[in-house]
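Engineer: What follows is a structure written as C-alpha cells; I'll ask about it next.
The values are calculated or read from the model by the stated rules, or taken from the named source; none is laboratory data. Note that the coordinates shown come from a computational prediction; the quantities given were computed from them, not determined experimentally. Backbone-built Cβ (ideal geometry, glycine too); neighbour counts: all protein chains shown.
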Amino acid sequence: MGKSKVPEVTLIFWLIKIIATTLGETAGDAVTMSMGLGYLWGTAIFGAVFAVAVVVQIKAKRFHPYLYWTTIIATTTVGTTMADFADRSLGIGYAGGSSLLLVLLVGSLVVWYRTLGTISVASVRTAGAEIFYWVTIMFSQTLGTALGDWTSDSMGLGYLASAGLFGVLLALVALAYYQTRVSRALLFWAAFILTRPLGAVLGDFLDKPITAGGLAVSRYAATGVLFAFIPLCLFFFPPKAAEDAH
C-alpha cells in the first residue's frame, strides 16, 4: 500500500478547514455575484480547477500540504457555486438541494465502504481510495453550502445564530470523540461536513450587506485575506501525512 497523501487530523487541520470553507464562500460569491458571471459559469470555472487539482493530487507520489489544501479550496468554491446553482437557478430550493446532496453524500460513503472496507482517512493510500475521498469531500462541501443557506435564510436564523448552531454541533461531535466509542471515521466525516456550513455562514456574514445582517466587507478583500492566512498556517505549523489507519 502506498504512502498517505492526506494530512493527520489535528486542531490546526480543523482551523485551516474552517478558513478554507469560509474562503470558498467568499471566492464563489466574488465570481458569481461581484463579477456577475452567474452560478453556471462559476460552477464551470471552479469545476475545471477542481478537476485539475484532483488529478494532480492523485498523481502526486507523496503528501504535499499546499497541493492538498489547494484541492480542498477548489472543492469549497465549486461546492458553493454548485449549491447556489441548484438551489437558486434550478429552483430546487435549500431543503430540496440539501436532501438531494445528503443522499449523494451518504451514497458515496456507503459505496466507498462496501468497495474498500473502510472510510478512514488514514487509509487513503491508493488512487481508488483517493477518488472516493475527493468525491465524498465535494458532496460534503456542496451539502454544507446548502445547509448554511437553509438555516440562515429559509429558517431565518441569520448568519451568527447559524454559526452558533453549527459550532454547537461540532462541539457535540468533539465530545463524542472523547467520551464515546463511536467510529472515529464516522465522527471525522460528521465534523468535516459540519465545518462547511459553519464556513458558509461565516463567509456570508463577512460579505453580505449590513441590511441583510452581514458586515458588507468586500468579497475580494475577504477572499484575499483568507487565502493568505492558509499558507501562513502551513508555514508556521507544517502538517504531517496521516500514517496510522484507525
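Residues are listed down the side, and each one gets a yes or a no for (1) closer than 14 Å to TYR133 by Cβ; (2) modelled with pLDDT of 95 or more; (3) of a type in the set (D, E, K, R):
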residue: VAL56; (1), (2), (3): no, yes, no
residue: ARG62; (1), (2), (3): no, no, yes
residue: PRO65; (1), (2), (3): no, yes, no
residue: ILE72; (1), (2), (3): yes, yes, no
residue: PHE85; (1), (2), (3): no, no, no
residue: LEU90; (1), (2), (3): no, no, no
residue: VAL110; (1), (2), (3): no, yes, no
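Here is a yes/no grid of residues against (1) touching a residue at least 24 places away in the same chain (Cβ under 8 Å); (2) of a type in the set (Ser, Thr, Tyr); (3) touching a Pro at 6+ places or on another chain (Cβ under 8 Å); (4) over 19 Å from LEU15 (Cα atoms):
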residue: PHE50; (1), (2), (3), (4): yes, no, no, yes
residue: VAL55; (1), (2), (3), (4): no, no, no, yes
residue: ILE58; (1), (2), (3), (4): yes, no, no, yes
residue: LEU67; (1), (2), (3), (4): no, no, no, no
residue: LEU101; (1), (2), (3), (4): yes, no, no, yes
residue: TRP112; (1), (2), (3), (4): yes, no, no, yes
residue: VAL124; (1), (2), (3), (4): yes, no, no, yes
residue: GLY128; (1), (2), (3), (4): no, no, no, yes
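Engineer: May I ask you to say which residue of THR145, THR136 is assigned to a helix (DSSP H, G or I), in contact (Cβ under 8 Å) with a residue 60 or more places away in the chain, polar (S, T, N, Q) and buried (at least 16 other Cβ atoms within 10 Å of the Cβ)?
Structural biologist: From the options THR145, THR136, the qualifying one is THR145.
Engineer: Right, next: Would you point out the residue of segment 152-210, among those that are β-branched (Val, Ile, Thr) and in contact with a Gly (Cβ under 9 Å, 6 or more places away or on another chain), that is farthest from THR136 (Cα to Cα)?
Structural biologist: Step by step, filter segment 152-210, then rank; the result is VAL201.
Engineer: Name the single residue that is farthest from THR136 (Cα to Cα) among those in segment 45-62 being surrounded by 15 or more Cβ atoms within 10 Å (Cβ to Cβ) and under 18 Å from the mean Cα position of the chain (by Cα).
Structural biologist: Within segment 45-62, the match that is farthest from THR136 (Cα to Cα) is ILE45.
Engineer: Same structure again: Please name all residue pairs, on different chains or six or more residues apart, with Cβ atoms under 9 Å, provided the first residue is in segment 228-241 and is within 22 Å of ALA122 (Cα to Cα) and the second residue is charged (D, E, K, R) and at pLDDT below 95.
Structural biologist: Every condition considered, the pairs that remain are PRO239/GLU8; LYS240/GLU8; ALA241/LYS3; ALA241/LYS5; ALA241/GLU8; ALA241/ARG62.
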